[in-house]
Amino acid sequence: MSKEKAKKQVKTDQEWRELLSPEQYRVLRQKGTEYPHTGDYNLHFEKGTYYCAGCHQKIFESEAKFKSNCGWPSFDRAVKGSVELRKDTSFGMVRVEVICANCKGHLGHVFPDGPTDTGERYCINSVSLKFE
């Protein structure tokens, strides 16, 4: 996909299955979670931009990333307008889910315990991102 603004992604389930790897599909479309400390971007700190693996929407800039030792890539802020936050009560917990505002893919969760001035820790699945 080009680096232009991502176009709204409305796809059938079958189209998503064909576009994504099985693990990307499990996380982005079925709200799965990758195992901690296994993702490609957990300890990745190069300069660049993180995009949604489903639709190439710009989600995070590398300057927002920090080492949290939680096992998943952590960011203190998303690109404005790139994500939506939803209440998630799955697994007997109350959390805030982070989804791509463009394709509605599940990215991870955000917690109010970040170490920077935003106070936020976006805990994101590596498999839901692409880095450039």
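The values are calculated or read from the model by the stated rules, or taken from the named source; none is laboratory data. Since the structure is predicted, the reported quantities are computational estimates derived from the model, not experimental observations. Cβ: placed from backbone, ideal geometry, glycine included. Neighbour counts: every protein chain shown.
Per-residue answers, yes or no, for (1) over 20 Å from K8 (Cα atoms); (2) touching a Lys or Arg at 6+ places or on another chain (Cβ under 9 Å); (3) surrounded by 22 or more Cβ atoms within 10 Å (Cβ to Cβ):
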| position | (1), (2), (3) |
| --- | --- |
| P73 | yes, yes, yes |
| F91 | yes, no, no |
| R95 | yes, yes, no |
| N102 | no, yes, yes |
| F111 | yes, yes, no |
* To do: Under 6 Å between Cβ atoms, at least 6 apart or on separate chains: pull out the pairs that start in the range 27-41 with a residue that is basic (K, R) and end on any residue that is modelled with pLDDT of 95 or more.
  => R29/W16; K31/H106
* Is at least one residue of the range 48-67 among the hydroxyl-bearing types (S, T, Y), crowded, with 18+ Cβ neighbours inside 10 Å and not in a loop (DSSP other than H, G, I, E, B)? -> yes
* Within the range 13-33, track down each residue that is of a type outside the set (S, T, N, Q), closer than 23 Å to S68 by Cβ and crowded, with 20+ Cβ neighbours inside 10 Å. => V27, L28
* Which members of the range 112-132 meet the condition of being modelled with pLDDT of 95 or more, touching a Phe, Trp or Tyr at 6+ places or on another chain (Cβ under 8 Å) and not aliphatic (A, V, I, L, M)? -> E120, R121, Y122, C123, N125, S126, K130, F131, E132
* Output yes when any residue across the range 77-84 is outside any strand (DSSP E or B), under 25 Å from D13 (Cβ atoms) and out of contact with any Phe, Trp or Tyr (no Cβ under 9 Å at 6 or more places or on another chain), and no when none is. => no
* Structure fact -> Within the range 45-66, the residues that are touching a residue at least 60 places away in the same chain (Cβ under 8 Å), touching a Cys at 6+ places or on another chain (Cβ under 7 Å) and not hydrophobic (A, V, I, L, M, F, W, C) are G54
* Cβ pairs under 8 Å, 6+ apart, first in the range 70-96 and touching a residue at least 24 places away in the same chain (Cβ under 8 Å) and within 17 Å of P115 (Cβ to Cβ), second of a type in the set (K, R) and surrounded by fewer than 16 Cβ atoms within 10 Å (Cβ to Cβ) -> S74/K67
